[in-house]
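Step one of this worksheet: look at the structure below.
Throughout, read-outs are computed from the coordinates displayed, never taken from laboratory work. What you see is a predicted model, and the numbers here were worked out from it, not measured in a lab. Cβ placement follows ideal geometry from the backbone for every residue including glycine, while neighbour counts extend to all protein chains displayed.
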Amino acid sequence: MPFPDIDIRISNLPIAFVITPARKLEIRKIKLIQSKFFVMRPWGVFEIEPSKGIAYGKQVCYFYDARNAKPIDVNILKDLEDFTTSNRLHHVKRSDVKHASKLRQIMAKLPLHEALEKLKIVSGDNQAKIQETINETTTAFQKLESENKKVPELEGGYYLLESLSKAGLVSEHEKTELDHKLTNGLLNFGDLVEELQKLETISIQTPISLSVERFLEDFHTYSPSEVDGFIDRAERLGKKIASLSSPTVKQWIPASIIFALLVGGAIAFMVVMQTDISNLGINIPGFTPPQTTEPITNVIETTEPELPPDQPKTPPIDPQETVEETEVVKVWDPELEKWVDP
């Protein structure tokens with residue numbers, strides 16, 4: 001296949017070089033989704049990282065293994081090749097990376113030969129502890145089996161790995177990998193024990209660089225085909241990815257409104273308590289209006305004497321006038337039939 005130099009140069013999109021499982025090279029233009037992801041059929045969803053891109057003219061090129069969603073840092077490949085060659089490794093296992101990383105840390109204080117000897121001693125002690133845990137677990141399972149309480153192999157494997165993980169004898173990556181093999185039927189309990197008995201076997205002779213270690217840790221972080229299958233299922237359901245995300249707990253009423261309602265309610269209650277509502281005809285459940293008591297005064301009814309019909313009316317007294325003379329009250333004389341002085 002001729003190299004598409006002109007098409008790459010005139011393209012306005014980034015370029016992806018993909019190594020397929022059939023060991024073929026595919027060259028694709030990248031149509032970004034939310035400036036970070038893109039889809040390549042039939043391999044799935046992939047992710048870009050600007051720090052791992054290589055400029056080719058005006059375009060940025062990324063290199064991928066179709067089995068891994070993140071781009072390959074081509075600058076690390078030479079260091080990775082040197083690591084595998086110097087340690088004569090045809091297949092890099094997680095235990096190799098773990099031991100090479102420990103060796104690099106020990107070499108900060110010791111030369112290579114002494115650091116390697118110390119690593120073997122530490123690994124031997126860890127392997128002895130792993131074997132002790134295996135023996136205790138298998139003995140407990142045999143005892144349960146004798147009591148007709150046989151533990152299924154899958155559950156027994158999970159229990160053994162959990163015990164080793166809590167004791168710090170296996171890393172989280174190792175536990176996840178072995179759990180995956182158990183779940184998918186790639187290992188039974190006996191195979192798991194054999195894997196654990198070789199877990200601390202030293203196969204490396206030189207340390208691994210920090211950049212290569214990080215690259216191997218990031219490699220195969222998630223499967224592109226699994227993510228692509230998830231998107232296909234979402235599309236068949238007629239839903240967008242955003243609609244499938246977990247909802248956030250929302251506060252429907254702002255805190256300021258809640259505070260205002262509380263303060264207003266308290267003020268209204270105090271006003272109601274100080275108001276006489278007994279005459280309003282309002283019946284509030286659980287509220288009895290205060291009883292008001294009025295002073296009781298003795299009312300004495302008095303009757304004025306009946307006056308004769310022809311008695312002249314007393315003229316009104318001007319309050320501004322002051323009379324210092326003594327007023328003479330006349331009396332009625334029945335014989336004379338008139339008013340006379342006494």
Seminar exercise, completed: Rounded to the nearest 5, the percent of DSSP beta bridges in the stretch 5-72 running antiparallel is 75
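Answer rounded, prolate or oblate for the stretch 95-230, using the Cα gyration tensor with square roots of eigenvalues a ≥ b ≥ c: rounded when a/c is under 1.5, else prolate when a/b is larger than b/c, else oblate.
Oblate is the answer for the stretch 95-230, as a/c is 1.5 or above yet b/c matches or exceeds a/b.
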Exercise. What net charge do the residues around residue 7 carry, taking every other residue with its C-beta under 12 Å from that of residue 7, with Lys and Arg at +1 and Asp and Glu at -1?
Worked result: +2
Exercise. In nanometres, what is the gap between the two model label sites at residue 41 and residue 198, each 7 Å from Cα along Cα-to-Cβ?
Worked result: 4.2
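Could you sort the peptides 208-216, 190-198 by per-residue average Cβ neighbour count (10 Å cutoff), highest mean leading?
The peptides rank, most packed first, as 208-216, 190-198.
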Exercise. Under unit Cβ charges (Lys, Arg +1; Asp, Glu -1), what dipole magnitude, rounded to 20 debye, does the stretch 5-72 have relative to its Cα centre?
Worked result: 100
Exercise. Just how large is the dipole of the stretch 94-224 about the Cα centre, in debye to the nearest 20, putting +1 at every Lys and Arg Cβ and -1 at every Asp and Glu Cβ?
Worked result: 380
Seminar exercise, completed: Note, residue 184: beta-carbon cut-off 13 Å, +1 each Lys/Arg, -1 each Asp/Glu, net -2
